[in-house]
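Here the structure is laid out as structure tokens; the discussion comes afterwards.
The values are calculated or read from the model by the stated rules, or taken from the named source; none is laboratory data. Note that the structure is predicted; figures quoted are calculated from it, not measured. Methodologically, a virtual Cβ is constructed for each residue, glycine included, from the backbone with ideal geometry; neighbour enumeration extends over all protein chains shown. Heavy atoms of the whole protein, side chains included, go into the accessibility calculation; ligands, DNA and RNA do not. Shrake-Rupley method; radii C 1.70, N 1.55, O 1.52, S 1.80 Å.
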Amino acid sequence: GALRVEGRRLIWTVGAGSTAAALAQAAQDECLESAAFWIAGTQLRLAFYPRGTSLAGDGDCSAALIAEEKAKLKFELFLNSRSAGRKVLLGKKFSCDFRRPPSIDQALLDGADGAPGVEVG
């Protein structure tokens with residue numbers, strides 16, 4: 001999917017077509033990862049788990065920020081414009097759970113809501 005910048009946010013449109021269909025069928029702890037990008041000298045990727053990580057509750061999905069090398073970075077993850085609040089990455093991965101919107105499968109197909117994003121500050 002495409003990465004784009006809106007103000008201080010980097011937003012990842014997960015994808016459409018076969019990608020969205022695969023995500024709609026994904027099991028818990030299965031994800032799709034974005035292309036790599038650089039913020040504050042750190043190579044990062046976003047990951048989206050449509051059924052959540054292994055620790056997510058029923059009805060949750062998850063978004064994660066993944067660093068290639070251990071990093072210390074203040075950031076905010078969001079999904080569908082809902083923020084998980086300010087966080088600090090101390091290591092290589094940080095994930096947040098969100099209530100799974102009922103329309104997320106259609107949103108992925110439309111390339112609209114459901115796009116994970118990150119803001120660093």
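Summing charges over neighbours of Leu55, with a neighbour being any other residue whose Cβ is under 13 Å away from its Cβ, gives -2 when K and R count +1 and D and E count -1.
If the segment from Ala27 to Leu55 were pulled out straight at 0.36 nm per residue, it would be longer than the present Cα-Cα gap by 8.8 nm.
Residue separation of Trp38 and Glu69 scaled by 0.36 nm, minus their Cα-Cα distance, works out to 10.0 nm of gained length.
As a fraction of the 1.4 Å probe accessible area of region 1-86, surface on carbon and sulfur atoms comes out at 49 percent.
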